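The values are calculated or read from the model by the stated rules, or taken from the named source; none is laboratory data. This is a predicted model, so every value here is computed, not measured. Every residue, glycine among them, receives a Cβ derived from its backbone with ideal geometry; neighbour counts consider all protein chains shown.
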Amino acid sequence: MKFNWVISGDTNPTIKKVCIDLEYRLRPRITKFLLSHMDNECHGDFSSFHFDVDIKNQWVWISEKTPQDFIEKIKTDFDDEINGSALFSLV
């Protein structure tokens with residue numbers, strides 16, 4: 001699983017820390033989500049999944065770098081389960 005950080009402006013140490021902290025919160029949640037939705041297809045190997053994280057707009061979406069068949073299988077529930085929470089409350 002890979003994260004692409006969408007950041008407007010300069011990347012300063014504070015923004016880098018926010019990204020690191022957010023990744024520590026995102027990674028387990030997205031892993032649990034993928035295990036419940038994709039484990040039969042991926043067998044725990046989620047290296048094909050890419051996510052774009054917009055710090056300013058506080059949103060995570062499935063990157064187009066993720067195989068299209070995987071995107072189709074998870075897109076319906078992804079926003080509700082990942083974005084529909086207080087994940088960004090500390091940003």
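Of the residues in the stretch 1-18, how many are surrounded by 12 or more Cβ atoms within 10 Å (Cβ to Cβ) and modelled with pLDDT under 90?
Total meeting the criteria: 4.
Residue by residue through the stretch 37-50, note down the ones that are touching a helix residue (DSSP H, G or I) at 6+ places or on another chain (Cβ under 9 Å) and more than 20 Å from Glu64 (Cα to Cα).
The answer is Gly44, and nothing else.
With the structure loaded, tell me whether Lys65 is in a loop (DSSP other than H, G, I, E, B), out of contact with any Cys (no Cβ under 7 Å at 6 or more places or on another chain) and of a type in the set (D, E, K, R) or whether it fails that test.
Criteria met by Lys65.
Of these, Val60, Val91, which one is outside any helix (DSSP H, G or I), among the hydrophobic types (A, V, I, L, M, F, W, C), modelled with pLDDT under 95 and in contact with a strand residue (DSSP E or B) (Cβ under 7 Å, 6 or more places away or on another chain)?
After applying the criteria, what remains is Val60.
Does the stretch 39-54 contain any residue that is assigned to a helix (DSSP H, G or I), of a type in the set (Val, Ile, Thr) and touching a residue at least 12 places away in the same chain (Cβ under 8 Å)?
no
Might you check whether a residue that is of a type outside the set (Gly, Ala, Ser), in a loop (DSSP other than H, G, I, E, B), under 14 Å from Ile30 (Cα atoms) and at pLDDT 95 or above occurs anywhere in the stretch 69-86?
Checked the stretch 69-86: no residue is of a type outside the set (Gly, Ala, Ser), in a loop (DSSP other than H, G, I, E, B), under 14 Å from Ile30 (Cα atoms) and at pLDDT 95 or above.
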